[in-house]
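To start, the structure itself, in structure tokens.
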There are 2 protein chains.
Amino acid sequence: MPKTAEEISKATGFSITTIRFVLNGQSEKYRISAATQKRINDYIAIHGYSVNHAARSLRLKRTDTIGLVVPDLANAYFARFMAELEILCRKRSLLLLTASSHDDPELENRVVTNLLARGVDGLVIAPCQEVTLPQLKKTKTRPAIVMFDRDYNPSPFPTVVSDNYQGGLDITRRLLQDADGACYFLCSHSALPSIRDRVRGFLSACEERGIREGKRLIRFEAENAPEAGRQLMQTLIDELGQAPRTFLCSSLMVLEGALQQIKAKTGRVDKNILIGTFDDHAMLDWLDNRVLSVKQNEAAQAQRVFDRLIEPLSERKKSSPLDSVPVELICRNL
Amino acid sequence: MPKTAEEISKATGFSITTIRFVLNGQSEKYRISAATQKRINDYIAIHGYSVNHAARSLRLKRTDTIGLVVPDLANAYFARFMAELEILCRKRSLLLLTASSHDDPELENRVVTNLLARGVDGLVIAPCQEVTLPQLKKTKTRPAIVMFDRDYNPSPFPTVVSDNYQGGLDITRRLLQDADGACYFLCSHSALPSIRDRVRGFLSACEERGIREGKRLIRFEAENAPEAGRQLMQTLIDELGQAPRTFLCSSLMVLEGALQQIKAKTGRVDKNILIGTFDDHAMLDWLDNRVLSVKQNEAAQAQRVFDRLIEPLSERKKSSPLDSVPVELICRNL
DNA sequence: CTGTTAGCGCGTTCAC
DNA sequence: GTGAACGCGCTAACAG
């Protein structure tokens, strides 16, 4: 199966240029005779042809690839985002180069550097740090760079995030409607901008309701893992002498750990406990408790990220640097 | 920031060759003087350098990329597999080009063709069909191709799957220990090889116990989605006049739908119902029921896939074409 | 030790 | 309408 234009040229007897013109649909422009077109097209129909992207990239200084860097590819939120972004990319014949940073700044810099060296046309990053890479800072127009999920500002690049403040506000307000004066926020990974915003929303709602400091305990743990949730819940149980009647988790993983710990310490999860959590998942249905969750819109985020990626520079200047995507409050059993 | 070797050459006054030797760590081999090395290295330390992968690929006919095609990037199993594969790839300085087939044979062929045209060095596919693509069939040694998750045999390529038969056997045996003579298998997407194997395991275990046909009803639905689970469960409720006391689901999505339907029709999920499901998830903890689940080992699968990918051809012949990875039976509340 | 040279396959410009 | 020629940046072989 011939692949290069030169091979087709030799096989059909036409010059490489002629072959290229019909390959690139410029037959009309250069008035290639119908007969010639037919013979070439017939040959291609039988033997096929596919461009050599390496050669094309070398010539065009464009790779038709988009780099994606996220902390964890296995995380449901990032996986969904990636799936949505991939659909958008495919429509434009762009391929996705994916890499994971594991929330390690040093590793993040390495993979970003690698992606940059691969000449990606665009780079989408859910960063785990402020922009520190010199190569990134110097980047002007190419590749186009867009941040998402985490807004380390001031960021030199357009950034798309969920409206975490509003989400925190909404869910806490609703929780406090049914809570008897106390709502505890089990919070991990609190250094993240997205988590900070969630905390701000939570605090604002508490202020509104005049919830006292001692009744809206917030706990911080560095890592975002079930273990953090277990520790946070254990601390809370120790202080209260029992499991909290109402609590809010900063992520599903924290909720997992928190519930594990309640079960481990009290035998079972009281059905009257009112639960709130950031991020939504179908399996929340399995809890008999009243559950509130803040659902992010990955498809909308991917769309906005993609728009920022491909919009020409002139427009990019006009559009606001920070793009906040609405979230949705999901209620179960209440 | 200069990027090409030629630019460094001009700036430092040394020939391109000399520059390249120190760039590629061959200074010793060609006895570049220490002074020369230092001057070049200093220059690079200040101005940086990164190879042009397009040019390098064109020359070496190697892209240092691996293509990955899965039905759905957002699916937890595939997302975890991808995360593991990415780690292995990074260690070898390989980048992952990811694409989703959405279980559409035609789309699968398109993305595979695209990946092939991009010159990936390896291609990992969780196929949704038998190998039909002519380009694939003709592939001999390059790129290296490995299938996983689904064994459409006879496959010309090495294939890595979970031991679904054993998983089906194990979970059904355990279910039947506690079930009162009946165990219903709610099964979607039954055309998939992996699902077929799960069914075979289920049937074998039923045979062992002498479970009669009517007591081990198996239902088939084409699509793997919660909706399938809802329909399957509704049919079962209609026939039994109540929710089944023991049932097994072919996937977590089917379980989601099945439980939704039980809740919708009977108000709540009886805690005495014994549940089995393929695939494991931390959130299964949230069910108060006794739950059995078959957990796949994504890390082990990724490792074996990767091994097949990079092992030289000679070895590939020797190793068995089908590689079956053990699964683990997880028990909750029993 | 250092310099020169020849492609890899593609897109473009210029001649016939 | 068609062909020839150049250069993208890199590797590798060869010539000093």
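The values are calculated or read from the model by the stated rules, or taken from the named source; none is laboratory data. Since the structure is predicted, the reported quantities are computational estimates derived from the model, not experimental observations. Glycine also receives a Cβ, built like all others from the backbone with ideal geometry; neighbour counts cover every protein chain displayed.
Scanning segment B:21-43 for residues that are within 24 Å of A:Thr113 (Cα to Cα), crowded, with 16+ Cβ neighbours inside 10 Å and within 12 Å of DNA strand D (Cβ to nearest atom) gives B:Phe21, B:Val22, B:Leu23. Checked against (1) in a helix (DSSP H, G or I); (2) touching a residue at least 40 places away in the same chain (Cβ under 8 Å), B:Cys187 passes all but condition (1).
Give the residues of segment B:53-83 that are among the charged types (D, E, K, R), touching a residue at least 12 places away in the same chain (Cβ under 8 Å) and closer than 18 Å to B:Leu94 by Cβ, sorted by residue number. Let's see the steps before the verdict.
Within segment B:53-83, the first condition is being among the charged types (D, E, K, R), and the residues that meet it are B:56, B:59, B:61-62, B:64, B:72, B:80.
Cutting the leftovers down to touching a residue at least 12 places away in the same chain (Cβ under 8 Å) gives us B:61-62, B:64, B:72, B:80.
Residues satisfying the conditions are B:Lys61, B:Arg62, B:Asp64.
Looking at the structure I just gave you, is B:Ser50 within 14 Å of chain A (Cβ to nearest Cβ) and surrounded by 15 or more Cβ atoms within 10 Å (Cβ to Cβ)? Give the derivation first.
Details: within 14 Å of chain A (Cβ to nearest Cβ): yes; surrounded by 15 or more Cβ atoms within 10 Å (Cβ to Cβ): yes.
Yes, satisfied.
Residues of segment B:152-191 that are among the polar types (S, T, N, Q) and under 13 Å from B:Val294 (Cβ atoms): B:Ser162, B:Asn164, B:Gln166, B:Thr172.
Which count do you get for residues in segment A:106-132 that are within 16 Å of the chain's Cα centre (by Cα) and either more than 22 Å from A:Pro312 (Cβ to Cβ) or modelled with pLDDT under 95 (or both)?
Initially, segment A:106-132 is screened for residues within 16 Å of the chain's Cα centre (by Cα), giving A:108, A:112, A:122-129.
Narrowing the set further to residues that are either more than 22 Å from A:Pro312 (Cβ to Cβ) or modelled with pLDDT under 95 (or both) leaves A:108, A:112, A:126-129.
Total satisfying the criteria: 6.
With a requirement of 3 or more residues that are in contact with a Ser or Thr (Cβ under 9 Å, 6 or more places away or on another chain) and at pLDDT 95 or above, the helices (runs of 4 or more DSSP H) lying completely within segment A:8-105 that satisfy it span A:76-91. Scanning segment B:277-312 for residues that are within 13 Å of chain A (Cβ to nearest Cβ) and β-branched (Val, Ile, Thr) turns up B:Thr277, B:Val291. Name the one entry in B:Lys91, B:Lys38, B:Lys29, B:Lys10 that is more than 8 Å from chain A (Cβ to nearest Cβ), more than 16 Å from DNA strand C (Cβ to nearest atom) and without any contact (Cβ under 8 Å) to a residue 60 or more places away in the chain. Testing whether each residue is more than 8 Å from chain A (Cβ to nearest Cβ), more than 16 Å from DNA strand C (Cβ to nearest atom) and without any contact (Cβ under 8 Å) to a residue 60 or more places away in the chain leaves just B:Lys91.
Just a yes or no: is a residue in segment B:69-78 surrounded by fewer than 18 Cβ atoms within 10 Å (Cβ to Cβ) and closer than 27 Å to A:Ala55 by Cβ? Looking through segment B:69-78, none of the residues is surrounded by fewer than 18 Cβ atoms within 10 Å (Cβ to Cβ) and closer than 27 Å to A:Ala55 by Cβ.
Report whether or not A:Lys138 is modelled with pLDDT of 95 or more and over 26 Å from A:Phe247 (Cβ atoms). Spell out the reasoning first.
Details: modelled with pLDDT of 95 or more: no; over 26 Å from A:Phe247 (Cβ atoms): yes.
When the stated conditions are applied, A:Lys138 does not pass them.
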